[in-house]
Amino acid sequence: GAGVSQSPSNKVTEKGKDVELRCDPISGHTALYWYRQSLGQGLEFLIYFQGNSAPDKSGLPSDRFSAERTGGSVSTLTIQRTQQEDSAVYLCASTGEGGTQYFGPGTRLTVL
Amino acid sequence: AQSVTQPDIHITVSEGASLELRCNYSYGATPYLFWYVQSPGQGLQLLLKYFSGDTLVQGIKGFEAEFKRSQSSFNLRKPSVHWSDAAEYFCAVGLPGNTPLVFGKGTRLSVIA
């Protein structure tokens with residue numbers, strides 16, 4: 001079946017602009033995660049949605065970052081007033097009952 | 001807090017040679033353990049996982065990993081490396097169930113003829 005998809009694959013924006021990154025999880029998966037992969041920092045957890053529970057936002061680096069998940073499926077990660085240090089690859093993963101996370105191809109964000 | 005250490009940043013092996021990538025974790029109980037591989041410009045692909053049971057787990061592409069509780073290790077092995085195995089390898093740990101993963105910094109594997 002279809003895997004996790006993310007869009008856009010690449011995004012170039014100017015400092016100070018807002019960006020939205022989209023994640024389509026595997027159908028039927030109840031948990032959805034956002035991670036950030038940047039040089040020198042490796043893979044960092046950002047936010048996690050499980051079913052209808054309140055999201056775990058403990059990994060968000062600042063209040064410029066937010067995410068929502070509509071209808072228990074698609075998720076959007078929003079970064080407001082982007083900064084150059086936000087440049088990274090943003091990865092989404094989803095999980096079914098088994099606890100194994102399946103990752104999308106990522107969105108490469110470049111902030112000029 | 002959980003942590004994962006991959007001591008080798010970069011490893012170069014000859015095609016056909018054996019491979020072992022090291023992973024050590026710090027956690028109070030036995031976590032779920034994973035190895036992922038990432039090719040340039042791609043997302044993470046799951047190679048194998050350990051939840052419980054047999055401590056030697058088999059994965060895709062001929063990889064295996066052994067969980068050693070006494071050493072808090074989960075090293076990845078392959079008996080004969082192929083040029084297509086050149087990629088970045090990440091070890092990760094998580095709590096049982098659906099929880100965020102903690103990743104190591106990764107080991108970049110280069111394969112030479």
Task: Tally, over the range B:75-87, of residues that are open to solvent by less than 30 Å² (accessible area, probe 1.4 Å) and either in a loop (DSSP other than H, G, I, E, B) or of a type in the set (A, V, I, L, M, F, W, C) (or both) - done: 3
TODO: Could you tell me which residue of the range A:54-99 is farthest from B:TYR36 (Cα to Cα), considering only residues that are surrounded by fewer than 18 Cβ atoms within 10 Å (Cβ to Cβ) and of a type in the set (A, V, I, L, M, F, W, C)?
DONE: A:ALA54
Open item on the list: Can you pull out every residue in the range B:42-57 that is among the charged types (D, E, K, R) and surrounded by 13 or more Cβ atoms within 10 Å (Cβ to Cβ)?
Closed with: B:LYS49
Open item on the list: Condition first: free of Cβ contacts under 8 Å to residues at least 24 places away in the same chain and under 16 Å from A:SER5 (Cα atoms). Now tell me which residues in the range A:69-112 satisfy that.
Closed with: A:THR70
- [ ] Collect the residues in the range A:71-84 that are at pLDDT 95 or above and not aliphatic (A, V, I, L, M), keeping them in residue-number order.
- [x] A:SER75, A:THR76, A:THR78, A:GLN80, A:ARG81, A:THR82, A:GLN83, A:GLN84
Open item on the list: Can you say whether B:LEU21 is touching a Pro at 6+ places or on another chain (Cβ under 8 Å) and either of a type in the set (A, V, I, L, M, F, W, C) or at pLDDT below 95 (or both), as far as the supplied structure shows?
Closed with: no
- [ ] Name every residue in the range B:58-71 that is more than 14 Å from chain A (Cβ to nearest Cβ) and open to solvent by 40 Å² or more (accessible area, probe 1.4 Å), in order of residue number.
- [x] B:GLN58, B:LYS61, B:GLY62, B:GLU64, B:GLU66, B:LYS68, B:ARG69, B:SER70, B:GLN71
- [ ] Report yes if some residue within the range A:83-95 is touching a Lys or Arg at 6+ places or on another chain (Cβ under 8 Å) and of a type in the set (Phe, Trp, Tyr); otherwise report no.
- [x] yes
Task: Single residue of B:TYR50, B:TYR27, B:TYR36 found to be more than 12 Å from the chain's Cα centre (by Cα) and touching a residue at least 12 places away in the same chain (Cβ under 8 Å) - done: B:TYR27
Open item on the list: Going through A:GLY42, A:GLY28, A:GLY51 one at a time, which residue ends up being at positive phi and in contact (Cβ under 8 Å) with a residue 60 or more places away in the chain?
Closed with: A:GLY28
TODO: Scan the range A:17-47 for residues that are out of contact with any Gly (no Cβ under 6 Å at 6 or more places or on another chain), open to solvent by 40 Å² or more (accessible area, probe 1.4 Å) and of a type outside the set (A, V, I, L, M) and report the count.
DONE: 10
Task: Filtered residue count, the range A:2-43, keeping only those that are away from chain B (no Cβ under 11 Å), part of a loop (DSSP other than H, G, I, E, B) and over 16 Å from A:LEU109 (Cα atoms) - done: 5
Open item on the list: Looking at A:GLY96 and the list (1) modelled with pLDDT of 95 or more; (2) within 14 Å of another protein chain (Cβ to nearest Cβ), which single condition is not satisfied?
Closed with: (1)
Task: Scope the range B:88-113; condition in a strand (DSSP E or B) and facing another protein chain (nearest Cβ under 9 Å); matching residues - done: B:PHE90, B:ALA92, B:GLY94, B:VAL102, B:PHE103
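The values are calculated or read from the model by the stated rules, or taken from the named source; none is laboratory data. Keep in mind that what you see is a predicted model, and the values were worked out from it rather than measured. In this analysis, Cβ positions are derived from the backbone assuming ideal geometry, glycine residues included, and neighbour counts consider all displayed protein chains. What goes into the accessible areas is simple: the full protein's heavy atoms, side chains included, and nothing from ligands, DNA or RNA. Shrake-Rupley method; radii C 1.70, N 1.55, O 1.52, S 1.80 Å.
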